[in-house]
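Notes follow once the structure below has been shown.
The values are calculated or read from the model by the stated rules, or taken from the named source; none is laboratory data. The model shown is predicted, which means the values in this text are computed figures rather than measured ones. Cβ atoms come from the backbone with ideal geometry, glycine included; neighbour counts cover every protein chain shown.
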Amino acid sequence: MKATFLKYILNFKLPAGTSRGILKTKETFFLKIEKDGKIGLGECSVFRGLSFDDVPNYEEKLQWTCDNINLGLANLVEELKQFPSIQFGVEMAFLDLKAKTAMHLYPSSFTDGDDAIPINGLVWMGDFDFMQKQIVEKLDSGFSCVKMKIGAIDFDSEIALLKRIRKEFNADEVELRVDANGAFSKNEALEKLKILSEFEIHSIEQPIKQGQIDDIARLCETTPLDIALDEELIGVIDFNKKKELIETIKPQYIILKPSLVGGIKGSMEWIKIARNNRIDWWITSALESNIGLNAIAQWTYTLNNPMPQGLGTGSLFTNNISSPLEVSEGALYYNSKLNWDLSKIK
């Protein structure tokens, strides 16, 4: 068995606005395992500025992984605890290696094309007109759940946008989620949550920056609007530390990005803890290419979570890997009539 990796730069069709700045490109790495004439592909999607494993020796660790691929899946996942995106890439590649059909990691009604995964439509930050245009496009294309990134333009403009949406669509027609990416200060957060709650918002992701445990715990206890932890989970590796975090903060939801929280194994630990504490959850991609998105989607489908998932990022890039993944009427499908085109990464 041998392994190699390839760096790949994904280019956004349009600049993607977040509270951390404007994204124009996204760096990722493809991991290829070869054994007995078979190939297994995985994606190690480090997220610069956010990933726990955004470190100077990242590519050295990828090379170490390739050099030590014969350690096997379980040993590698254990050895790579400090590198969650590489953990996920390794899991993915080994799943693909043993799959009967390439890229069919979890054969199901989803991969057969007979069922789909409900997803939210993602609205990036920008000026008022740009955000409104995106919302109209999402609603026109059949989404019944829309997630808005907030915190980049002034709060009053964002509220005006929400007011306009709710004037046309009630909460039964369109579920609204907002993602602050930690943009609110701890002193203003509760007041802003009260204002947001007037628009029957489903939930808000990470209202304040991660690491303020006592403050986010108080917010979750007093909030008029359900809170979903996202960045707060990044870098928490030990199972008991995960348990302590959830039991201390007591959020209404947690959001799991496999590339950021230790792949499938790490995500399943969070899900187990959430279930034990009667906390709901959903899965979100983290700007992977279609290689990673495919793995996340197929795995997510097996979890039977009826909530809209955050898996609508495949169409963001001009040079994504062509795949059978399609978004239609607010859901992600695997169109078995379409083929993978892996020529860009061979």
Can Ala286 be described as part of a helix (DSSP H, G or I), more than 17 Å from Ser109 (Cα to Cα), hydrophobic (A, V, I, L, M, F, W, C) and in contact with a helix residue (DSSP H, G or I) (Cβ under 7 Å, 6 or more places away or on another chain)? no
Is it true that some residue in segment 34-44 is touching a Ser or Thr at 6+ places or on another chain (Cβ under 8 Å), crowded, with 19+ Cβ neighbours inside 10 Å and in contact (Cβ under 8 Å) with a residue 12 or more places away in the chain? yes
For residues that are closer than 20 Å to Tyr334 by Cα, buried (at least 19 other Cβ atoms within 10 Å of the Cβ) and of a type outside the set (A, V, I, L, M), tally how many sit in segment 105-137. 4
Identify all residues within segment 209-234 that are farther than 16 Å from Thr284 by Cα and surrounded by 21 or more Cβ atoms within 10 Å (Cβ to Cβ); write none if there are none. Ile216, Leu219, Thr223, Leu225
Please work out which one of (1) at positive phi; (2) free of Cβ contacts under 8 Å to residues at least 60 places away in the same chain; (3) not acidic (Asp, Glu) is the condition Leu62 fails and give its number. (1)
Subset of segment 45-67 (residues that are polar (S, T, N, Q), surrounded by 15 or more Cβ atoms within 10 Å (Cβ to Cβ) and not in a loop (DSSP other than H, G, I, E, B)): Thr65
Within segment 140-149, which residues are out of contact with any Phe, Trp or Tyr (no Cβ under 7 Å at 6 or more places or on another chain) and surrounded by 15 or more Cβ atoms within 10 Å (Cβ to Cβ)? Phe143, Ser144, Cys145, Val146, Lys147, Met148
Across (1) touching a His at 6+ places or on another chain (Cβ under 8 Å); (2) within 20 Å of Lys81 (Cα to Cα), Asp226 clears everything bar (2)
Any chance segment 156-178 includes a residue that's assigned by TED's automatic domain parsing to the domain that holds Met268, of a type outside the set (S, T, N, Q), at positive phi and in contact (Cβ under 8 Å) with a residue 12 or more places away in the chain? no
Taking the conditions exactly as written (of a type in the set (Asp, Glu) and either over 21 Å from Glu91 (Cβ atoms) or not in a helix (DSSP H, G or I) (or both)), does Glu269 satisfy them or not? no
